[in-house]
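Some notes on the structure that comes next.
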Amino acid sequence: MKALRIFSRNIRDSFKSVFRNFSLSIASISCITITLVVVALSIILSLNVNNFTKSIEGNVTIVAFINNDKDEKAIENIKQEIIKLDNVSEKNIEFKDKVEISKEMINDSEIIKGVMEDISTENTPVQNTFQVKVDKIVDIGKTAKAIGKIDGITNVKYGEEMIDQLVSVFTTVRKFCIYLLIALVIVTAFLIANTIKITIFSRKREIEIMRLVGASNTNIKIPFIMEGLFLGIIGSILPILLTIIGYQKIYQHFHGKMFTSFIKLVSPVPFVYYVSLVLLGIGMIVGMFGSWRAVKKYLKI
Amino acid sequence: MDLIRLRNINKTYKNGVTAIYDLDLTIKKGEFVFIIGETGCGKSTLIKMLYREEKPSSGKIIVGGINVAKLRNGNVYKLRRKIGVVFQNFQLLPKLTAYENVAFALEVFGLPKDEIHKKVVKVLELVGLKNKAKHYPDQLSGGEQQRVAIARAIVNGPKLLICDEPTGNLDPKKSMEIMEVLEAINKLGTTILMVTHDIDIVKQMGKRVILLDSGQIVKDYEEGTYK
Ligand SMILES: Nc1ncnc2c1ncn2[C@@H]1O[C@H](COP(=O)(O)OP(=O)(O)OP(=O)(O)O)[C@@H](O)[C@H]1O
Ligand SMILES: [Mg+2]
């Protein structure tokens, strides 16, 4: 009962205080808001990049070219040998014959179409292939090499340079976002601590009297920490709305993908709600931490 | 029974000023004691150490059974609940009424409203301010504000009331009114320790008087012997 009474009094007082010190509250709130907007952007960016990386990894294929003098039986033998490799499972290997490939190439480009139409299917330079997906992307180089050694395979390709570059760019972006995020959160916490310090300075006497009449340190701290909590919650409203509405707009605008169909954006639901929760959490923690730091100064002798 | 016991107290401030020098003092429960002495002799420093606003550099302080010198910062509130403090400049919150200023001291403990009301009314009556409970500090005279401050200091029923020049800002008549209030509080069993420059008051009250000079007790007058 007693704890409840103190608690409800604290909530009431910290609510009042947010409005009593309105201009200072506005300063803290905008501070939180701006940070959280940037935080939201970097979370959305880094999670999407994460998603890109995954979808690219899922689409990376080793193409093994088969010597055109091999008959059906020989091809089947080669397939079994590839399946025997550690990094390959049966469901991830697919045979694509030269006719099919020629058609795809003709569809892709007018120039190739012109060239190919003059060449008969018998004399085509296009080879039969196996399209192989690996279980572990890191070992793709080794697997490709092993496939290349199999008798009847003339050549192996897996677009190593493009893939490696893309993945490394994405990794850099992701790292950058995370560092930015951490730095921002820390900077805001201290900014808020300073803003709230000014608020609290004007209430120094109140704190002194509370101490004098025997309020415990916790007792004094709680209303201020609550106040920080309120500021954090209020400050996260705008970033959350921006996230929920803005991201859905962007997603619709790009039809859920970037540049090519296999770089997919994370679909908005429930993604935006998770991000919102994270924003709310950061806002609350940063607000409370700021207040706590600010009031701590006045509780020492 | 001893309420306050100081042994070999030294206090040197960070800037190198030694305010209290090898001081011993014992005060019994229920006493009314004046502390007098020239400006800068260490009176305020001495009482600040009692309610742990300052820490002694060395020595032992016991107040109401609490080892004050060893008290951790987080436990200071336990000491403060046994002590009421009144200053020369009243220290009231300007945005609260007389009633609210006194109630403030109880609200921080989470007492129920009706209990707070009972205690505040009783103590405002004791200091003679029952009819001005709804006034804000700037609507009260200096003497009245000081009585609100005293009411706030004693509303918890502390064992010890410490006053640092409570009549410093008041004329002789208002000062005597405050002294009457303090006398009444003392009669109810609260030990009172009062720092003052007002020799007339000290002579008139006829209590124990401690004379301080350069951080040391130079004379300890028994009740009624200071003339
Ligand atoms: N916080 C402090 N830091 C450094 N020195 C201090 C501090 N407070 C007091 N002093 C010094 O300690 C000495 C004693 O000060 P104190 O306030 O105890 O005197 P006092 O007897 O209460 O004087 P007054 O009658 O003027 O109130 C003085 O020399 C003063 O300058
Ligand atoms: Mg003094």
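Given the Cα-Cα distance of A:F19 and A:F201 and 0.36 nm per residue of separation, how much length would full extension add, in nm?
63.9 nm
Against the 2.2 N^0.38 Å scaling, with N counting residues, where does chain B land? I'd like the Cα-based Rg ratio to two decimal places.
1.00
Per the Cauchy relation, a quarter of the hull surface: what is the mean projected area of the convex hull of the alpha carbons in the protein assembly as shown, in nm²?
Its Cα hull, projected and averaged over all orientations, spans 37.2 nm².
For region A:210-301, how big is the tail of P(r) above 18 Å, as a whole percent of Cα pairs?
Percent of Cα pairs beyond 18 Å in region A:210-301: 59.
Any idea which of A:L280, A:Q248, A:I222 is furthest toward the positive side of the dipole for the protein assembly as shown, if Lys and Arg beta-carbons carry +1 and Asp and Glu beta-carbons -1?
Looking along the dipole axis, the top candidate is A:I222.
So in chain B, what percent of DSSP beta bridges are antiparallel if you round to the nearest 5?
So the antiparallel bridges in chain B amount to around 50 percent.
Restrict the search to region B:159-227; then list the GluC sites (Glu not before Pro) that DSSP places in a loop and that have at most 13 other Cβ atoms within 10 Å of their Cβ.
B:E222, B:E223
List every residue whose amide H lies under 5 Å from the amide H of B:G37, counting only residues 5 or more places away in sequence or on a different chain, with H placed 1.01 Å from N in the peptide plane.
Under 5 Å from the amide H of B:G37: B:L212.
Give the separation of the Cα centroids, region A:1-70 to region B:101-124, in Å.
45 Å
I'm a student and want to see the number: the projected area of the Cα convex hull of region B:107-179, averaged over all directions, in nm². Mind dumping the intermediate values first?
Details: hull surface 21.7 nm².
Directional mean of the projected Cα hull area for region B:107-179 stands at 5.4 nm².
How far is it, in nm, from the label point at A:I119 to the one at B:T26 when both lie 7 Å from their Cα along the line to the Cβ?
Rounded to a tenth, the inter-label distance reads 11.5 nm.
Region A:61-158: D in µm²/s via Stokes-Einstein (Kirkwood Rh, Cα pairs, 10 °C, 1.306 mPa s)?
112 µm²/s
Per residue of region B:171-184, in order, report the coupling 6.51 cos²θ - 1.76 cosθ + 1.60 (Karplus, θ = phi - 60°) as ³J(HN,Hα) in whole Hz, putting x for Gly and Pro.
These are the phi-based 3J(HN,Hα) values: 6, x, 5, 5, 4, 5, 4, 4, 4, 5, 4, 5, 4, 5 Hz.
Round to a whole angstrom and tell me the spacing of the C-alpha centers of region A:222-244 and region B:1-57.
One Cα centre to the other: 47 Å.
Mind checking which of B:V148, B:F32, B:V76 is farthest towards the positive end of chain B's charge dipole, using Cβ charges of +1 (Lys, Arg) and -1 (Asp, Glu) about the Cα centre?
About the Cα centre, the residue reaching furthest to the positive side is B:V76.
Looking at region B:67-136, which trypsin sites (Lys or Arg not before Pro) are DSSP coil and have at most 14 other C-beta atoms within 10 Å of their C-beta? Can you show the working numbers first?
Working: sites: B:K70, B:R72, B:K78, B:R80, B:R81, B:K82, B:K95, B:K113, B:K118, B:K119, B:K122, B:K130, B:K132, B:K134; in loops: B:R72, B:R81, B:K82, B:K95, B:K134.
For trypsin sites (Lys or Arg not before Pro) across region B:67-136 that sit outside H, G, I, E and B with at most 14 neighbouring Cβ atoms in 10 Å, the list reads B:R72, B:K95, B:K134.
Dividing the convex hull volume of the alpha carbon atoms of chain A by its residue count, what do you get in Å³ per residue?
Looking at chain A, the number lands at 187 Å³ per residue.
Given an 8 Å cut-off on Cα distances and at least 6 residues of separation, report the relative contact order of region A:61-158 as a percent.
Working: 126 pairs, mean separation 51.7, N = 98.
Normalised by residue count, the contact order of region A:61-158 is 53 percent.
Given that compact globular proteins tend to follow 2.2 N^0.38 Å, what is the ratio of the alpha-carbon Rg of region B:126-227 to that value?
1.14
Count the DSSP beta bridges whose two residues both fall in the protein assembly as shown, then state the antiparallel fraction as a percent rounded to the nearest 5.
Of those bridges, close to 65 percent are antiparallel.
Relative contact order (percent) for chain A, with alpha-carbon contacts under 8 angstrom and 6 or more residues of separation? Present the calculation step by step, with values, prior to reporting the outcome.
Working: 349 pairs, mean separation 95.9, N = 301.
The normalised contact order for chain A reaches 32 percent.
Relative contact order for chain B using alpha-carbon pairs under 8 Å, separation at least 6, rounded to a whole percent?
On the way: 422 pairs, mean separation 61.7, N = 227.
Here the relative contact order equals 27 percent.
Please report the net charge: other residues with Cβ closer than 12 Å to the Cβ of B:H135, K and R +1, D and E -1.
Neighbourhood net charge equals +1.
Determine, for A:F201, A:F271, the number of other Cβ atoms within 10 Å of each Cβ, and report the residues in order from fewest to most. All intermediate terms of the calculation are to be shown ahead of the outcome.
Working: A:F201 13, A:F271 21.
Ordered from fewest to most neighbouring Cβ atoms within 10 Å, A:F201, A:F271 come out as A:F201, A:F271.
Any read-out appearing in this document is the output of simple, stated calculations on the displayed coordinates, not a laboratory observation. Just so it is clear, the model here is predicted, and its values are computed rather than measured. Please note: Cβ atoms are built from the backbone with ideal geometry, for glycine as well, and neighbour counts cover all protein chains shown.
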